[in-house]
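No lab work stands behind these numbers, since they all come straight from the coordinates. Bear in mind the structure is a predicted one, so any value in this text is a computation, not a measurement. Methodologically, a virtual Cβ is constructed for each residue, glycine included, from the backbone with ideal geometry; neighbour enumeration extends over all protein chains shown.
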Amino acid sequence: MNEDVNTVSPTLGFIIKTIDFQGIDGGRYKLNIWDVGGQKTIRSYWRNYFEKTDALIWVVDSTDRLRVGECRAELKELLREERLSGASLLIFLNKTDVAGCMNEIEVQQKLDLDSIATHKWIILECSAMTGRNLEAGLAWVIQDARDRLFLY
């Protein structure tokens with residue numbers, strides 16, 4: 001958010017950021033975000049970042065139909081992790097501004113999201129280039145955590 005998108009590239013390794021976010025309720029929230037890359041070579045290290053996780057934000061490239069099956073398998077495996085039980089699941093469907101991309105319904109079906117009963121989830125179309133729906137997604141994560149954790 002508020003970064004030069006011309007220098008953005010896929011995450012190699014991980015990046016830790018703290019974001020000050022104003023919620024739709026007017027409250028201010030400090031979000032600690034661990035951006036963990038998705039390359040196959042580092043997936044075995046993902047579990048090192050699960051402790052005290054309130055939400056999992058899963059980013060799907062809506063232009064990549066070839067790897068959506070792999071994406072589904074990895075997500076299903078992650079959701080079995082005990083330390084992620086109860087965490088909210090926000091699925092950002094990125095690059096939806098590209099012609100011919102997958103839409104929400106197609107991704108919902110291909111990821112078999114309707115079978116997920118262990119986590120509350122939402123899927124939002126977004127664009128990392130324009131920032132569309134990024135704030136709406138974070139607002140949903142905060143509200144869901146508040147509802148679950150009884151914060152006020």
Next item on the list: Using θ = phi - 60° and the Karplus relation 6.51 cos²θ - 1.76 cosθ + 1.60, list the HN-Hα couplings for the stretch 118-126 in order, rounded to whole Hz, with x at every Gly or Pro.
Entry: 8, 9, 6, 9, 8, 10, 10, 5, 8
Next item on the list: Evaluate 2.2 N^0.38 Å with N set to the residue count of the stretch 53-100, then give the Cα radius of gyration divided by it.
Entry: 1.28
Item checked: Whole-Hz couplings from phi, Karplus 6.51/-1.76/1.60, listed for the stretch 79-92; x for Gly and Pro -> 5, 7, 5, 4, 6, 9, 5, x, 5, 5, 10, 9, 9, 8
Note to self: Residue by residue through the stretch 64-69, what is 3J(HN,Hα) from phi via Karplus (6.51 cos²θ - 1.76 cosθ + 1.60, θ = phi - 60°)? Round to whole Hz and write x for glycine and proline.
What the structure shows: 9, 5, 5, 9, 5, x
Next item on the list: Could you work out the local net charge near Gly86, counting Lys and Arg as +1, Asp and Glu as -1, over the other residues with Cβ closer than 15 Å to its Cβ?
Entry: 0
Notebook entry, point to check: Out of residues 5 or more away from Ala128 or on other chains, whose amide H comes under 5 Å of its own, with H placed 1.01 Å from N in the peptide plane?
Noted result: Lys95
